[in-house]
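Single-structure report; data block below.
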Amino acid sequence: MKFKMLAAATAAIFMMSSAANAETLVIKAAAMVDVENGVLVANPAITVTDGTITSIASGSTSSPDGSKIIDLGNKTILPGLIDMHVHFMGKATDQGYRRLVISHERAAITGVMNARTTLLAGFTTVRNVGAPSFSDVALRDAIAEGDVPGPRMFVAGPSIGITGGHCSDNNLLPEEFGIVGEGVADGPWAVRTKVRRNIKYGVDLIKTCSTGGVLSKGTQVGAPQYTVEELTALTEEAHSHGRKVASHAHGAEGIINALKAGVDTIEHASFISDEGIEMAKRQGTYLSMDIYNTEYILGEGEKAGFLEESLAKERMTGATQRESFRRAHEAGVKMVMGTDAGVYPHGDNAKQLSRMVRFGMTPAQALRAATYNAADALGQKGRFGTIRIGAAADIIAVDGNPLEDVALLENIPFVMKEGVIYKSE
């Protein structure tokens, strides 16, 4: 019965997709958040043709002949949200040694489920930073071709890192198994080869690690991984192919190494120093700091299978990361919203917005980080993360004013991506 209901719902979604793209839509609501300027606009009327915003008006206006009116009443509309750090192939309850029994094929199916959940939570674009066997490339393409529902994806494929490192090797198995992670590369030329391989198989960006991590067995969170020479080779190779680089980096030295190499975003940035903050600000490097998921790790981690080693590392990291977030924001460093979804349950992504406000941002700044800034960091400014003429019609709606209460975005009743309605009350 559940399968039949799901099949019927999926069929309905694609019927809505075909209808929406075949006609002009006019979306009306009580208010709209202008995320670029952080203000509320009254009585917007957004015209959408073939999935693109073609006009924006305010107040009572006539609609184009033959257009379909979508009147959202007292709701407030804003652009679809962007999460810059997700792992669709991961499941929050499959942590530690539980991961060893999950095949890449099973993880890919989990990714299909997580993509749908994330889209219905109001996230119309994501950056998937690390997945086995290019499963995220396959999922990205399946979504783009309309085979399955999900957000627009920018994907990294297998992460690239050192032997025994955080994001590339499998440190849970003993030596006699002889298994080396598919992203392991040591030395500048080996690193360049891995970058070229990832690009060959269709990635949009490169993900690397310049420090250890919380969830990897045997690595120290703050310890540097990769030399500046290796990171520079990786970044030069990626940039020469038009790909941006995201570097997992908790520790102060590893953050500075990544910044010296010219990476485009720093992920986590937990122990960033004043020097690192100044460098990031000077270079215009975006920070993506996952300040919500510490609550899930420490609250549900043991039940979810996290190693005690990982729980201990999170206890020494979470509070410092939140203070670092505050310091970096106050210093004027550019910030995006990245949650590390997959470490905690997919679909709860918007819970981070209230934490971004709690630790220093205004609601308008948090929303900008999750929309306009994120699109800029992707190299897609003006295309996504904003409601303007020429942008994709990625539009969500909430009850109330998110500039007063950003937690409203934890319950989104209306989701449109490229003019297609995927959720509506």
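The values are calculated or read from the model by the stated rules, or taken from the named source; none is laboratory data. Remember, it's a predicted structure, so these values are computed and weren't measured experimentally. FYI the Cβ positions are ideal-geometry reconstructions off the backbone, even for glycines, and counts take in every protein chain you see.
Name the residues in region 328-375 that are more than 27 Å from Asp274 (Cβ to Cβ) and among the aliphatic types (A, V, I, L, M), would you? Ala341, Val343, Ala350, Leu367, Ala375 - these are the residues of region 328-375 that are more than 27 Å from Asp274 (Cβ to Cβ) and among the aliphatic types (A, V, I, L, M).
Checking each residue of region 240-247 against the condition of being in contact with a Cys (Cβ under 8 Å, 6 or more places away or on another chain) and hydrophobic (A, V, I, L, M, F, W, C) gives no match. Remark: pairs (first residue in region 299-320, more than 16 Å from Asp94 (Cα to Cα) and touching a residue at least 24 places away in the same chain (Cβ under 8 Å); second residue buried (at least 18 other Cβ atoms within 10 Å of the Cβ) and aliphatic (A, V, I, L, M); Cβ separation under 7 Å; 6+ apart in sequence or on different chains) = Lys313/Val214; Lys313/Val221; Glu314/Val214; Glu314/Ile297; Thr317/Val214; Thr317/Val221.
May I ask you to verify whether Ile389 is surrounded by fewer than 24 Cβ atoms within 10 Å (Cβ to Cβ) and among the β-branched types (Val, Ile, Thr)?
Considered against the rule, which asks whether it is surrounded by fewer than 24 Cβ atoms within 10 Å (Cβ to Cβ) and among the β-branched types (Val, Ile, Thr), Ile389 comes out as yes.
The residue that is farthest from Ser216 (Cα to Cα), counting only those in region 317-355 that are of a type in the set (A, V, I, L, M) and surrounded by fewer than 18 Cβ atoms within 10 Å (Cβ to Cβ), is Ala331.
Being of a type outside the set (D, E, K, R), at pLDDT 95 or above and in the same structural domain as Gly90 (by TED's automatic domain parsing) holds for only one residue in Val191, Val180, and it is Val191. Given the structure, is Pro149 closer than 14 Å to Val203 by Cβ, touching a residue at least 12 places away in the same chain (Cβ under 8 Å) and surrounded by 17 or more Cβ atoms within 10 Å (Cβ to Cβ)? The answer is no for Pro149.
If only one of Val343, Val357 is in contact with a helix residue (DSSP H, G or I) (Cβ under 7 Å, 6 or more places away or on another chain) and assigned by TED's automatic domain parsing to the domain that holds Glu275, which one is it? Unique residue meeting the criteria: Val343. Within region 397-425, residues that are surrounded by fewer than 21 Cβ atoms within 10 Å (Cβ to Cβ) sit with their Cβ atoms under 6 Å from residues that are polar (S, T, N, Q) and not in a strand (DSSP E or B), at 6+ positions apart or across chains, in these pairs: Ala407/Ser354.
Considering each residue of region 142-163, count those that are aromatic (Phe, Trp, Tyr) and on the phi > 0 side of the Ramachandran plot, and give that number.
0
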